[in-house]
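What follows is a set of notes on a single structure, which appears directly below.
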Amino acid sequence: MTKDAAGKEAIVEGRVLSDGTPVRSGYARLLGTGDEFVAEVPLGEDGGFRFFAAPGEWTLRVLAPGGVRAERTVSADIGQITSVEVLV
Amino acid sequence: MSRSDVLVDADWVEARIGEPGIALVEVDEDTSAYDRGHIPGAIKIDWKKDLQDPVRRDFVDKAGFEALLSERGISNDDTVVLYGGNNNWFAAYAYWYFKLYGHQNVLLLDGGRKKWELDSRELTTDVPAREKTSYTATEQDASLRALRDEVLAAIGKRNLVDVRSPDEFAGRLLAPAHLPQEQAQRGGHIPTARNVPWSKAANDDGTFRSDDELETLYKGEAGLDFGKDTIAYCRIGERSAHTWFVLHEILGQPNVKNYDGSWTEYGSLVGVPIELGDAR
């Protein structure tokens with residue numbers, strides 16, 4: 001997990017990779033405390049996703065065809081881009 | 001109404017692609033999703049451009065709805081099958097809308113676009129040609145839509161279900177965390193409302209949870225009185241259309257209305273009661 005500057009936003013972004021190859025078909029969802037659904041986006045051509053979150057702890061869940069499922073815990077801070085690579 | 005009257009699965013849709021009498025329609029929060037690929041035979045309706053009045057804060061009127069459906073080639077006799085991303089969020093909104101204007105045969109593809117994709121089923125960028133029709137809508141069905149005065153009168157009397165996230169309910173946020181626009185003047189919720197975030201009704205793959213699970217969620221956990229009438233609301237009326245679908249169409253509750261003015265209207269009204277804080 002790496003962190004960069006992001007102005008006033010608390011950004012959580014990343015890529016989903018399988019054996020080093022981007023996973024282009026699938027979804028990333030952001031869950032708050034108690035598994036509370038916050039947002040969901042389809043993965044991009046590069047396996048990428050991006051959320052404008054609030055500061056705090058989040059769970060990132062990835063779903064992809066073939067029953068693929070992966071989960072990571074991430075923390076977001078105002079002014080930072082939290083970058084995550086999810087390997088499935 | 002019950003689950004089997006209103007939901008179909010992907011096999012059902014796949015077996016009927018291109019069949020006359022079926023109008024498959026994608027409605028998405030992300031209105032560009034259709035252009036990147038959709039279920040073969042599906043046409044697109046844009047929830048904002050096609051369904052909202054461009055000037056007033058309201059839906060397109062009856063004539064506008066008739067013109068839209070005629071132009072898209074949907075006839076009164078067609079079975080309309082709606083689907084979309086994000087747990088059918090906006091597809092459920094469109095479903096409510098079709099019912100509001102009296103379309104009889106409307107179905108939702110359970111799991112929507114997401115389940116279709118996760119199952120690795122075919123998507124295409126081909127846009128089908130449908131012959132124009134001459135669609136006739138009915139007047140809006142007032143039994144499905146709650147306006148502000150009715151909501152105020154329902155405080156403490158009917159079930160009020162606030163389907164926004166707990167942070168919005170408590171008044172800490174005015175919009176979902178990823179959408180900054182369209183804010184009300186004040187935060188909080190309508191007094192006596194129970195908080196059941198809309199997405200709790202869906203499984204991870206976007207399908208609706210079982211009848212038993214749904215009943216436990218609304219009746220058991222949130223304490224809704226199923227003997228009373230219910231009004232659902234959120235921020236702008238789309239998430240609550242999803243909950244309206246669950247309560248009215250799947251669980252068959254008789255009197256459920258969607259308050260589409262929702263928090264952006266209520267939270268900007270002068271003099272109305274507002275409650276702050278987390279759900280009790």
- Among the numbered conditions (1) in contact with a helix residue (DSSP H, G or I) (Cβ under 9 Å, 6 or more places away or on another chain); (2) not assigned by TED's automatic domain parsing to the domain that holds residue B:243, tell me where residue B:193 comes up short. (2)
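Restrict the check to the range B:115-123 and report whether at least one residue is within 14 Å of chain A (Cβ to nearest Cβ), assigned to a loop (DSSP other than H, G, I, E, B) and either aliphatic (A, V, I, L, M) or free of Cβ contacts under 8 Å to residues at least 12 places away in the same chain (or both).
Here is the first cut: in the range B:115-123, the ones within 14 Å of chain A (Cβ to nearest Cβ) are B:115-123.
Now drop any that are not assigned to a loop (DSSP other than H, G, I, E, B), which leaves B:119-123.
Going one step further and asking which of them are either aliphatic (A, V, I, L, M) or free of Cβ contacts under 8 Å to residues at least 12 places away in the same chain (or both), we end up with B:120, B:123.
Checking the range B:115-123: at least one residue is within 14 Å of chain A (Cβ to nearest Cβ), assigned to a loop (DSSP other than H, G, I, E, B) and either aliphatic (A, V, I, L, M) or free of Cβ contacts under 8 Å to residues at least 12 places away in the same chain (or both).
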- Task: Please go through the range B:47-80 and pick out each residue that is surrounded by fewer than 17 Cβ atoms within 10 Å (Cβ to Cβ) and either in contact with a Leu (Cβ under 6 Å, 6 or more places away or on another chain) or charged (D, E, K, R) (or both).
- Result: B:48, B:49, B:53, B:56, B:57, B:58, B:61, B:62, B:71, B:77
- Message: Please pick out the residue among B:206, B:227, B:223 that is touching a helix residue (DSSP H, G or I) at 6+ places or on another chain (Cβ under 7 Å) and either on the phi > 0 side of the Ramachandran plot or not in a helix (DSSP H, G or I) (or both).
- Response: B:206
- Mind checking which residues of the range A:15-43 are surrounded by 14 or more Cβ atoms within 10 Å (Cβ to Cβ), more than 8 Å from chain B (Cβ to nearest Cβ) and assigned to a loop (DSSP other than H, G, I, E, B)? A:23, A:24, A:43
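Residues checked against (1) farther than 30 Å from residue B:70 by Cα; (2) free of Cβ contacts under 8 Å to residues at least 60 places away in the same chain; (3) loosely packed, with under 14 Cβ neighbours inside 10 Å; (4) out of contact with any Cys (no Cβ under 9 Å at 6 or more places or on another chain):
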| position | (1), (2), (3), (4) |
| --- | --- |
| B:132 | no, no, yes, yes |
| B:139 | no, no, yes, yes |
| B:142 | no, yes, yes, yes |
| B:145 | no, no, no, yes |
| B:159 | yes, no, no, yes |
| B:162 | yes, no, no, no |
| B:166 | yes, no, no, yes |
| B:175 | yes, no, no, yes |
- Can residue A:62 be described as farther than 15 Å from residue B:86 by Cβ, under 10 Å from the mean Cα position of the chain (by Cα) and among the aliphatic types (A, V, I, L, M)? yes
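Please find, within the range B:99-138, the residue that is nearest to residue A:64 (Cα to Cα) out of those that are of a type in the set (Ser, Thr, Tyr) and modelled with pLDDT of 95 or more. Don't jump to the end; show me each part of the working.
Pass one, the range B:99-138, residues of a type in the set (Ser, Thr, Tyr): B:101, B:120, B:124-125, B:133-136, B:138.
Add one more test, that the residue is modelled with pLDDT of 95 or more, and what stays is B:101, B:124-125, B:133-136, B:138.
On the way: B:101: 37, B:124: 19, B:125: 21, B:133: 39, B:134: 41, B:135: 39, B:136: 41, B:138: 42 Å.
Ranking the candidates gives B:124 first.
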- Message: Against the condition within 13 Å of the chain's Cα centre (by Cα) and either more than 10 Å from chain B (Cβ to nearest Cβ) or at pLDDT below 90 (or both), how does residue A:10 come out, does it pass?
- Response: yes
- Note on the structure: Selection from the range B:75-95 of residues assigned to a helix (DSSP H, G or I), on the phi < 0 side of the Ramachandran plot and touching a strand residue (DSSP E or B) at 6+ places or on another chain (Cβ under 6 Å) yields B:91, B:94, B:95
- Query: Residues B:212, B:204, B:225, B:149: which one is exposed (fewer than 14 other Cβ atoms within 10 Å of the Cβ), within 30 Å of residue A:69 (Cβ to Cβ) and of a type in the set (Asp, Glu)?
  - Reply: B:212
- Query: Say we look at the range A:44-58 and pick out the residues that are at the interface with another protein chain (Cβ under 10 Å from one of its Cβ atoms) and crowded, with 20+ Cβ neighbours inside 10 Å; which of these is modelled with the highest pLDDT?
  - Reply: A:58
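The values are calculated or read from the model by the stated rules, or taken from the named source; none is laboratory data. This is a predicted model, so every value here is computed, not measured. Virtual Cβ from ideal backbone geometry, glycine too; neighbours counted across all protein chains shown.
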